[in-house]
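Peer 1: One structure, pasted below without further comment.
Derivation of every value follows stated rules applied to the coordinates shown; laboratory data play no part. From a predicted model like this one, the values you see are computed outputs, not experimental measurements. No Cβ is skipped: glycine too gets one built from the backbone with ideal geometry, and neighbour counts run over all protein chains shown.
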């Protein structure tokens with residue numbers, strides 16, 4: 001990467017936290033982000049019309065002849081792990097921000113809110129290998145270490161081996177981790193990542209944040225030809241966007257369908273963020289949507 005990263009961490013955090021306060025009270029953040037997988041079971045209660053049907057415990061319901069959902073006690077001192085893609089593919093941008101810059105600001109917004117809620121964050125940065133692995137800790141020092149690492153342009157290299165990295169991590173991660181947030185463009189990982197996602201979702205509450213550039217979805221509408229290059233092999237190809245656009249878009253849609261099906265089959269909530277969209281608004285709307293889905297921990301009364 002020839003230039004340093006263009007980050008507006010403080011501005012993104014300020015805008016995001018302002019929206020979060022408008023949408024919900026800050027101290028219920030984790031009732032929104034995390035469903036409570038692995039938390040202490042409290043009791044059953046009858047299903048209501050405001051509940052999500054996917055939360056019904058069918059075995060308990062059959063025993064009592066009533067529709068029942070589980071309640072969980074709210075857990076303190078949560079440990080949240082970020083897994084962030086730092087491959088060459090993230091060093092791309094047709095807008096004001098590269099994908100890696102956008103992903104870094106998304107990471108900053110979420111991790112700052114977690115840290116200032118007195119919970120712990122850890123992080124793993126990967127490409128074709130694990131670049132950095134820092135266990136969860138509390139405090140702004142941990143937040144600063146995380147953002148400093150993501151701000152280093154030298155870490156962005158190599159191919160994203162998402163499947164391999166996830167499979168290598170699932171059995172070695174601390175079992176006390178409450179949730180995992182995976183941030184990547186997931187390009188190239190669509191067909192073979194489902195098994196790895198299944199392993200993760202069974203052990204941890206898992207969220208996926210897909211960061212895409214507009215050109216990841218369609219080609220520019222320009223006259224003339226473009227030279228495109230494979231960042232891994234350095235092979236180049238001359239294309240006419242007007243000729244190949246439809247095939248390109250069709251291929252993108254097929255890949256996205258496979259990826260999103262993998263998330264949905266494994267119960268992983270996900271959001272796709274485009275780098276030409278405001279980070280704070282898109283991220284806060286995603287969390288607000290989780291409220292509507294009842295994706296939150298029921299607090300101890």
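Peer 1: Can you pull the one-decimal nm distance between simple spin-label points at residue 44 and residue 233, each 7 Å off the Cα toward Cβ?
Peer 2: That separation, rounded to one decimal, is 5.7 nm.
Peer 1: With N residues in the range 78-286, what two-decimal value do you get for its Cα radius of gyration over 2.2 N^0.38 Å?
Peer 2: On the way: Rg = 17.3 Å, N = 209, 2.2 N^0.38 = 16.8 Å.
It is 1.03.
Peer 1: Something else now. For the range 52-164, report the translational diffusion coefficient in µm²/s to the nearest whole number, using Stokes-Einstein at 10 °C, 1.306 mPa s, and a Kirkwood Rh over Cα pairs. The partial results should precede the final answer.
Peer 2: Details: Rh = 16.4 Å.
D = 97 µm²/s.
Peer 1: Here's another thing I want to ask about it. Using only alpha-carbon positions, what ratio does the radius of gyration of the range 147-226 give when scaled by 2.2 N^0.38 Å? Display every interim value, and only then the final one.
Peer 2: Working: Rg = 16.1 Å, N = 80, 2.2 N^0.38 = 11.6 Å.
Against the empirical 2.2 N^0.38 Å value, I get 1.39 for the range 147-226.
Peer 1: Taking the number of other C-beta atoms within 10 Å as the exposure measure, put 62, 90, 20 in order starting with the fewest. The partial results should precede the final answer.
Peer 2: Working: 62 10, 90 25, 20 20.
Ranking 62, 90, 20 by Cβ neighbours within 10 Å, fewest first, gives 62, 20, 90.
Peer 1: Order 77-87, 206-216 from most to least packed using the mean count of other Cβ atoms within 10 Å.
Peer 2: 77-87, 206-216
Peer 1: Apply 1/(1 + (r/R0)^6) to the Cβ-Cβ distance of residue 67 and residue 172, taking R0 = 30 Å, and write down the FRET efficiency to the nearest 0.05. Kindly include the intermediate steps, with their values, before the conclusion.
Peer 2: Values: r = 39 Å, r/R0 = 1.30.
It comes to 0.15.
Peer 1: What is the gain in length, in nm to one decimal, between residue 140 and residue 277 on full extension, counting 0.36 nm per residue of separation less the C-alpha to C-alpha distance? Kindly include the intermediate steps, with their values, before the conclusion.
Peer 2: On the way: separation 137, 0.36 × 137 = 49.32 nm, distance 2.75 nm.
The residue 140-residue 277 span can extend by a further 46.6 nm.
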